[in-house]
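Below is one structure; the comments refer to it alone.
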Amino acid sequence: VNCVAGVQIGGSLAGLKVGTQLSLINGKDERILNVDGAFNLSFSVLDGTDYDVQVKTQPLGQKCTVVNGKGKASLANPAAATNVSVTCVAE
């Protein structure tokens, strides 16, 4: 079995209204979130790969923004890819 080490992309979500959800994407990786707190995207990315986490679908009545969503995955510093911050506010 040939295993390739990857870097997990993740962070925290704050301000999401109860009963709503939003969709985050990084390339073809999509993750639906419906509760505040820590999150990880579905798939790890290879060392040296650029990532760009964005909101694909906004929750009803809110606007969510991503901070620290872009970077280059690094096995030498994997924590750098787990500081993505998503904040939602009422529109």
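The values are calculated or read from the model by the stated rules, or taken from the named source; none is laboratory data. Because the structure is predicted, anything quoted here is derived from the model rather than measured. Positions of Cβ are backbone-derived with ideal geometry, glycine not excepted, and every protein chain shown enters the neighbour counts. The accessibility values were calculated without ligands, DNA or RNA, using every heavy atom of the protein model including side chains. Shrake-Rupley method; radii C 1.70, N 1.55, O 1.52, S 1.80 Å.
Numbers at a glance
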{"read-out": "Residue in segment 28-39 that is of a type in the set (S, T, N, Q) and either touching a residue at least 40 places away in the same chain (Cβ under 8 Å) or open to solvent by less than 60 Å² (accessible area, probe 1.4 Å) (or both) present", "value": "no"}
{"read-out": "Residues of segment 16-27 satisfying the condition of being open to solvent by less than 40 Å² (accessible area, probe 1.4 Å) and either assigned to a loop (DSSP other than H, G, I, E, B) or among the aromatic types (Phe, Trp, Tyr) (or both)", "value": "Leu16, Thr20"}
{"read-out": "Residue within segment 45-64 that is at pLDDT below 95, surrounded by 14 or more Cβ atoms within 10 Å (Cβ to Cβ) and in a loop (DSSP other than H, G, I, E, B) present", "value": "yes"}
{"read-out": "Some residue of segment 29-40 being under 14 Å from Val7 (Cα atoms) and assigned to a loop (DSSP other than H, G, I, E, B)", "value": "no"}
{"read-out": "Any hit, segment 72-85, residues being outside any strand (DSSP E or B), open to solvent by less than 40 Å² (accessible area, probe 1.4 Å), in contact (Cβ under 8 Å) with a residue 24 or more places away in the chain and in contact with a helix residue (DSSP H, G or I) (Cβ under 8 Å, 6 or more places away or on another chain)", "value": "yes"}
